[in-house]
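Data first, discussion second: the structure below is written as structure tokens.
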Amino acid sequence: LLLLPAGVLAVILAIAKGSYTPSKSLSSSSASSFGNNNIGDNIDWLSLFSSSNATSIATVLIPKYIRIAEEAIDVQLNWTMDISDEGDELVPINPSILFLPSLDGSMQWVRAVRAHNVTSTTTVLNEDSTMVTEQLLQFKSRIMLRAEPLTNFNFASWNVDDWRLDGDEPLVSINEQIVSHRGRDTRWTDLCEQKPDYNIESNYRLRKQVDGPEDPKLLGKADGGYSISFSSYPPSSLFTFNGERNSCPDIASDRDETNNAALDVVTMQMYLVDDGAALETSEGAQGVRLDCGIVDGTEKNWIAFEYESKLYYIYSIEPHHRIVHVRPSDGACVELYSTEPFFLTKMKKQKELSFRGSATAIRYSYDEYLALLHTHHPSRGYTTMAYTFESKPPFAIQRISKPLPLHPRAFASSLSLTTSMFSNKDTDKIWIGYGDADTKSRVLVLSRKYMEEEFMEWC
């Protein structure tokens, strides 16, 4: 397939992706029984997802349940959140799901989600006799968490009600449980604002304020606990600026070089809370920056996994599959392995694609881990694919799937597997949590058989 012309490959990818997308004719009532619902019969997402049709896509509602195939179902997550002090404006997006089975057959599960809202205001300012248009984007962001027993579930069934995915208790905010600076006893609040973008020709300034951490990713640990990775701008408690503790750099453009240099490191970075369970207590747990990558640019979407009880992250997928080893106590890390995924490199040359990570990786078999990657096009949205990599160093990529049955608005944020790799694999289920257009949370549930059929032979 990789030897085909780029135009032919584009058609194949478009057909593969378009054939999975839901029909406009589906309604919530007709989809709740998910008996004969098919996806992609009457809608072409790729043509819809253009600047002229963006409104059309936003109004296409996805049913609560969609049966994509006999062993593939897309489900809306009806999680509740304790956000009484925030009103009703925050919506749950980019869910993360972790199942922690016990030897006695019981199941603990952990749910995390980003509660999100954005507002925009535009003002015209007179700055030294120059009229400047300033747009301010203000993002509210809360990491919501809940760990609880999962009871009366039946994951061998394909009846959605048997999975009990709604949960018993509401998720609660843990922003104030994440310790940003142990010595100062400060929490993950009062984030610094990044340097604004300014267009000197049009005198237009764009500012972005984010008040909390984003996109939690749960990872089960060998000791039975769990960790949470997330992305965030730095809290003010991590700065001592102009002799003042807990002080962010000034965003005004006319400040001195020291201030502007400090602004250069007010960027989105990756952080880790190693003891996730401690976030359920009043004591909280330390959040540490993953000390790899670049400090003056955006770092996010690293893929976490454990190997021999040690923590690793996939830092990049292409042009090299780069693996870093992280010390959880302080975030110190070092790159250990790097391999070249030749088939992704060929795809990139043919389609001018860029590949980024999604979610966390899970042990898929004795020989492989399973992970997700995505591409993004400004007008066509996201395309998500699964891939496997070796279960031992150097963790080289082995197989790539076809585009998974997720629509272009879907950002995959979670990957889980239920039932042990050593049990009856006919009942295994793969759970892919995702955010739907920054408005709701859903999960795509696939059987192992379905997933295997998605992998391309040429990989």
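Every number here is computed from the coordinates shown, using simple stated rules; none is lab data. This structure is a prediction, so every number in the text was calculated from the model and none was measured. Ideal geometry is used to build each Cβ from the backbone, glycine not excepted, and the neighbour counts take in all protein chains shown.
For the stretch 356-388, the residues whose backbone nitrogen is under 20 Å from a point 7 Å from the Cα of Ser338, taken along Cα to Cβ, are 356-357.
Put a dot 7 Å past the Cα of Glu453, heading toward its Cβ, do the same for Asn246, and the two dots end up 5.8 nm apart.
Give, in nm to one decimal, the length gained when the segment between Met268 and Glu176 is fully stretched (0.36 nm per residue of separation minus the Cα-Cα distance). Mind dumping the intermediate values first?
Working: separation 92, 0.36 × 92 = 33.12 nm, distance 1.90 nm.
Taking Met268 through Glu176 to full extension adds about 31.2 nm, to one decimal.
Its Cα gyration tensor gives the stretch 185-227 an equivalent ellipsoid, and the semi-axes of that ellipsoid, as √(5λ) in whole Å with the largest first, are 38, 14, 6.
Here the calculated FRET efficiency for Ala277 and Asn126, from their Cβ-Cβ distance with R0 = 45 Å, stands at 0.25, rounded to the nearest 0.05.
Coupling constants for the stretch 144-150 follow from the phi torsions by the Karplus curve (6.51 cos²θ - 1.76 cosθ + 1.60, θ = phi - 60°), and in residue order they are 9, 9, 7, 10, 7, x, 9 Hz; glycine and proline get x. Computed on the Cα atoms alone, the convex hull of the stretch 288-415 gives a volume of 116 cubic angstrom per residue.
Provide the FRET efficiency to the nearest 0.05 for the Leu136-Glu89 pair, computing r from the beta carbons and using R0 = 25 Å. Before the final figure, lay out each step's value.
Values: r = 17 Å, r/R0 = 0.67.
After rounding, the FRET efficiency stands at 0.90.
Scalar couplings 3J(HN,Hα) for the stretch 428-433, obtained by applying the Karplus form with A = 6.51, B = -1.76, C = 1.60 to θ = phi - 60°, are 4, 10, 10, 10, 10, x Hz; x denotes Gly and Pro. Here the 3J(HN,Hα) profile of the stretch 280-288, calculated from phi with Karplus coefficients 6.51, -1.76 and 1.60 at θ = phi - 60°, is 7, 10, 6, 5, x, 8, 6, x, 10 Hz, Gly and Pro shown as x.
Compared with the direct C-alpha span, the chain from Asp296 to Glu308 gains 1.1 nm at full extension, assuming 0.36 nm per residue. From the alpha carbon centroid of the stretch 94-123 to that of the stretch 314-329 is 23 Å. Backbone N atoms of the stretch 277-292 closer than 17 Å to the 7 Å Cα→Cβ label point of Asp82 belong to residues 277-285.
Residues whose amide H falls under 5 Å from that of Tyr364, counting only those 5 or more places apart or on a different chain, are Tyr369, Leu370, with hydrogens built in the peptide plane.
Could you tell me the calculated FRET efficiency between Ser391 and Thr189, based on Cβ-Cβ distance and R0 = 60 angstrom, to the nearest 0.05? E(calc), rounded to 0.05, equals 0.90.
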